[in-house]
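This report concerns only the one structure given below.
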Amino acid sequence: MTKKKWLLAVSSIILFCFAAPMNANAEGRTYVSKKEREKEVKYQICRLSKTERTASSTSCYYKAQIPEDSIVVSTESPKTVCQREFACKIQ
């Protein structure tokens, strides 16, 4: 082989090695139809509005962002501390 052919062969192999394994780093997106979007569970913030303690239980009253969705959580322990807020399902 002559020097020019050898240099051409080596340079084309090196060029092929650097060009071939390149991957595209694109993100794939999944689009959801409107029907499937309706099935998703939606949440709102429920904040503590009142605490009632009796000798045997504690009741925590939560006010939701949507006024009709107020929640009451009761426990059998009078020493229970009510959580200030949490994400509750929209009913």
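Read the figures in this text as sums done on the coordinates, not as results from a lab. If you're wondering where the values come from, they're calculated on a predicted model, not measured in any experiment. Note that we place each Cβ from the backbone using ideal geometry, even for glycine, and neighbour counts take in every protein chain shown.
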Check: Using 16 Å as the cut-off for backbone N distance, which residues of the range 41-61 belong to the label zone defined by a point 7 Å from the Cα of residue 76 along Cα→Cβ?
Finding: 54-59
Next item on the list: Provide the gained length on full extension for the span residue 44 to residue 63, in nm with one decimal, where the gain is 0.36 nm per separating residue minus the Cα-Cα distance.
Entry: 5.8 nm
Note to self: For the range 41-83, take the convex hull of the Cα atoms, compute a quarter of its surface area, and give me that in nm², please.
What the structure shows: 3.3 nm²
Check: Do any chymotrypsin sites (Phe, Trp or Tyr not before Pro) in the range 22-91 lie in a loop, going by DSSP, with at most 10 other beta-carbon atoms within 10 Å of their beta carbon, and if so which?
Finding: 31
Check: How would you rank 44-53, 73-82, highest first, on the average number of other Cβ atoms within 10 Å across their residues?
Finding: 44-53, 73-82
Notebook entry, point to check: Straight-line reach from residue 3: which aspartates and glutamates have a Cα under 14 Å away, not including same-chain ones fewer than 8 places off?
Noted result: none
